[in-house]
1. Quick one: R218 ticks every box in (1) modelled with pLDDT of 95 or more; (2) part of a loop (DSSP other than H, G, I, E, B) bar one, so which box is it?
2. Which ones in region 152-185 are under 23 Å from G83 (Cα atoms), part of a loop (DSSP other than H, G, I, E, B) and of a type outside the set (D, E)?
3. Let me spell it out: the conditions are (1) at pLDDT 95 or above; (2) in contact with a Pro (Cβ under 8 Å, 6 or more places away or on another chain); (3) open to solvent by less than 30 Å² (accessible area, probe 1.4 Å); (4) more than 22 Å from P88 (Cβ to Cβ), and A26 meets all of them except one. Which number is the exception?
4. Looking at region 186-210 only, could you name the residues that are within 16 Å of T12 (Cβ to Cβ) and part of a loop (DSSP other than H, G, I, E, B)?
5. Restricting to region 105-121, name every residue that is assigned to a loop (DSSP other than H, G, I, E, B) and open to solvent by 20 Å² or more (accessible area, probe 1.4 Å).
6. Does region 180-188 contain at least one residue that is open to solvent by less than 40 Å² (accessible area, probe 1.4 Å), of a type in the set (D, E, K, R) and in contact (Cβ under 8 Å) with a residue 12 or more places away in the chain?
7. Does region 90-102 contain at least one residue that is within 17 Å of V21 (Cβ to Cβ), of a type in the set (A, V, I, L, M, F, W, C) and more than 17 Å from the chain's Cα centre (by Cα)?
8. Considering only residues of region 189-206 that are touching a helix residue (DSSP H, G or I) at 6+ places or on another chain (Cβ under 9 Å) and over 26 Å from T62 (Cβ atoms), which is surrounded by the fewest Cβ atoms within 10 Å (Cβ to Cβ)?
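The values are calculated or read from the model by the stated rules, or taken from the named source; none is laboratory data. No experiment lies behind these values; they were computed from the predicted model shown. Cβ atoms come from the backbone with ideal geometry, glycine included; neighbour counts cover every protein chain shown. The accessibility values were calculated without ligands, DNA or RNA, using every heavy atom of the protein model including side chains. Shrake-Rupley method; radii C 1.70, N 1.55, O 1.52, S 1.80 Å.
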Amino acid sequence: MITSQTKPIMPTETQIEQHRVVQAAAKAVLERLAGMITAKDTEQSIADKAYAMLCECGYADTWYHQCPALVLLGSRSCVSISGRDYQPGTEPVGSANLITVDLSPTNEQYWGDCARSFPVEGGKVTHAPQMLEFRNGLSFLNHLHAQMPEMVTPKTTFGQLFDWANLRIRQNGFVNLDYRNNVGHSIVTNKDDREYIQSDNKIELGEVPFFSFEPFIRLKGGKWGFKHEGIFYFNAQGRLEEL
């Protein structure tokens with residue numbers, strides 16, 4: 001068990017590089033996937049496309065409950081569910097939608113963990129949505145991710161990061177949708193050993209080599225659930241960097 005007296009953990013250059021390679025593959029798949037989604041797609045077909053591309057990149061394995069691609073859209077846009085229980089649906093994308101894709105490839109002990117939300121207008125993913133709720137949700141998450149590295153240090157606890165993120169979520173008119181009520185977790189070699197960014201967790205961020213930050217939010221009274229996830233670590237100068 002990690003305690004607050006444990007010496008901060010510095011990831012090795014090999015660990016950083018190996019995790020970065022896997023995470024880069026996940027990012028590349030998500031970037032390609034955006035241009036492949038059509039109005040006729042479903043959670044199932046999008047998950048199949050994502051997994052096929054992960055396999056092309058050499059990542060047929062996942063660390064997350066045999067769920068390499070967790071896709072949510074439409075009526076399930078705001079659903080928070082464990083990969084242990086997830087079954088992709090068959091609801092079509094249609095002309096207007098929000099699709100969240102969360103990828104979890106692994107290469108032995110090295111993980112990727114990356115999620116993006118794609119707004120769909122006119123039956124295609126757009127990077128410049130017209131719908132105000134789409135623009136607001138995506139913009140808020142981008143700003144939150146930009147601000148977070150400037151706020152934390154290796155001495156910041158998981159609980160403090162949780163409090164900071166959730167205060168900003170509430171102040172900006174959003175709600176936290178995560179079923180565990182957290183905003184991320186440590187990156188480990190056994191998924192059951194993860195420490196969560198949740199209230200009252202006194203473990204310091206510097207006591208784990210890597211952690212994910214993945215707020216899953218909905219505008220209060222809104223229809224759509226947005227997620228943006230990356231993996232972070234502290235460099236030798238104690239500054240947070242993203243893989």
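1. (2)
2. L177, Y179, R180, N181, N182, V183
3. Tallying (1) at pLDDT 95 or above; (2) in contact with a Pro (Cβ under 8 Å, 6 or more places away or on another chain); (3) open to solvent by less than 30 Å² (accessible area, probe 1.4 Å); (4) more than 22 Å from P88 (Cβ to Cβ), A26 fails exactly one: (4).
4. I187, V188, T189, V208, P209, F210
5. Once the filter is applied, which keeps residues that are assigned to a loop (DSSP other than H, G, I, E, B) and open to solvent by 20 Å² or more (accessible area, probe 1.4 Å), region 105-121 yields E108, Q109.
6. Scanning region 180-188, I find no residue that is open to solvent by less than 40 Å² (accessible area, probe 1.4 Å), of a type in the set (D, E, K, R) and in contact (Cβ under 8 Å) with a residue 12 or more places away in the chain, so the answer is no.
7. In the first step, residues of region 90-102 are kept if they are within 17 Å of V21 (Cβ to Cβ); the result is none.
No, that holds for no residue.
8. Ranking the candidates gives D200 first.
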